[in-house]
């Protein structure tokens, strides 16, 4: 059985009186530890797929099996609890809290998970040393460059030790040199930690370096 599997996944959005189909019956299987790239044109359903697999949104119909659990059958309370314990996100817009410094942004999800302070400090020291951002920890997001903010966002995603990292266009706001450094970092962490990565991107460097690429067109996996 695949680590994550979607079956006949459908997602419709209501736009006034119009029903807009984003996914039309998507079937995808993802293996544990895989570095998967989701490609396709803008508006094809890539972000919708990430939001559903990452439990940020709920499907109109269909099934998502996550490590043997049918998450589409969970109650709302257990739905959010399941996501919090297993999945982290790296967003195109970074989504850092502007009033918190870099260290506080990284620590925030650990506080939500009720990790004790000693363990929080240990994890933050380890991940920030690994990613090379110790010197920026007391800076707020607006004092950092795009590449520095993205590294803080990556540290925040990894510090909870998730089973899955979901990233939506993680290099879109970065220059080519910084983007390559970020991709090299993600690939190395995937290899060393065996974290499953699901990344939507138009970046050919990312696409070329993935274990596997699926292309979504008009809400379906293109053959």
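The values are calculated or read from the model by the stated rules, or taken from the named source; none is laboratory data. In this text the structure is predicted, and so the values were computed from the model without any measurement. Note that each Cβ is placed from the backbone with ideal geometry, even for glycine, and that neighbours are counted across all protein chains shown.
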Taking the range 141-167 as the search range and keeping residues that are touching a strand residue (DSSP E or B) at 6+ places or on another chain (Cβ under 8 Å) and either in a helix (DSSP H, G or I) or at pLDDT below 90 (or both), which one is nearest to residue 89 (Cα to Cα)? 157
Taking only the range 179-212 into account, find how many residues are part of a loop (DSSP other than H, G, I, E, B) and in contact (Cβ under 8 Å) with a residue 60 or more places away in the chain. 6
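Quick check: anything in the range 128-150 under 15 Å from the mean Cα position of the chain (by Cα) and in contact (Cβ under 8 Å) with a residue 40 or more places away in the chain?
At the first step, the residues of the range 128-150 found to be under 15 Å from the mean Cα position of the chain (by Cα) are 150.
Those left that are additionally in contact (Cβ under 8 Å) with a residue 40 or more places away in the chain: 150.
For the range 128-150, residues under 15 Å from the mean Cα position of the chain (by Cα) and in contact (Cβ under 8 Å) with a residue 40 or more places away in the chain: present.
State which residue is farthest from residue 4 (Cα to Cα) when the search covers only the range 54-81 and only residues that are part of a helix (DSSP H, G or I) and in contact with a strand residue (DSSP E or B) (Cβ under 7 Å, 6 or more places away or on another chain). Walk me through it before giving the result.
Applying the first criterion (part of a helix (DSSP H, G or I)) to the range 54-81 yields 71-73, 76-81.
Checking the rest, the ones that are also in contact with a strand residue (DSSP E or B) (Cβ under 7 Å, 6 or more places away or on another chain) come to 71-72.
Working: 71: 10, 72: 12 Å.
Here the residue is 72.
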Condition first: touching a residue at least 24 places away in the same chain (Cβ under 8 Å), surrounded by 14 or more Cβ atoms within 10 Å (Cβ to Cβ), in contact with a strand residue (DSSP E or B) (Cβ under 7 Å, 6 or more places away or on another chain) and not in a strand (DSSP E or B). Can you find one or more residues in the range 26-38 that meet it? yes
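Please tell me if residue 22 is in a loop (DSSP other than H, G, I, E, B), on the phi < 0 side of the Ramachandran plot and either touching a residue at least 40 places away in the same chain (Cβ under 8 Å) or in contact with a helix residue (DSSP H, G or I) (Cβ under 7 Å, 6 or more places away or on another chain) (or both). Walk me through how you get there before you give the answer.
Values: in a loop (DSSP other than H, G, I, E, B): no; on the phi < 0 side of the Ramachandran plot: yes; either touching a residue at least 40 places away in the same chain (Cβ under 8 Å) or in contact with a helix residue (DSSP H, G or I) (Cβ under 7 Å, 6 or more places away or on another chain) (or both): yes.
It is false that residue 22 is in a loop (DSSP other than H, G, I, E, B), on the phi < 0 side of the Ramachandran plot and either touching a residue at least 40 places away in the same chain (Cβ under 8 Å) or in contact with a helix residue (DSSP H, G or I) (Cβ under 7 Å, 6 or more places away or on another chain) (or both).
Given the residues 95, 51, which is the only one that is closer than 19 Å to residue 168 by Cβ, in a helix (DSSP H, G or I) and out of contact with any strand residue (DSSP E or B) (no Cβ under 7 Å at 6 or more places or on another chain)? Spell out the reasoning first.
Working: 95 fails: in a helix (DSSP H, G or I).
Just one listed residue meets the conditions, 51.
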Which condition breaks for residue 103 when tested against (1) modelled with pLDDT of 95 or more; (2) surrounded by fewer than 18 Cβ atoms within 10 Å (Cβ to Cβ); (3) part of a helix (DSSP H, G or I)? (2)
So if I check each of 44, 2, which one is more than 18 Å from residue 167 (Cα to Cα), touching a strand residue (DSSP E or B) at 6+ places or on another chain (Cβ under 9 Å) and not in a strand (DSSP E or B)? 2
Might you check whether a residue that is outside any helix (DSSP H, G or I), within 20 Å of the chain's Cα centre (by Cα) and closer than 24 Å to residue 194 by Cα occurs anywhere in the range 112-120? yes
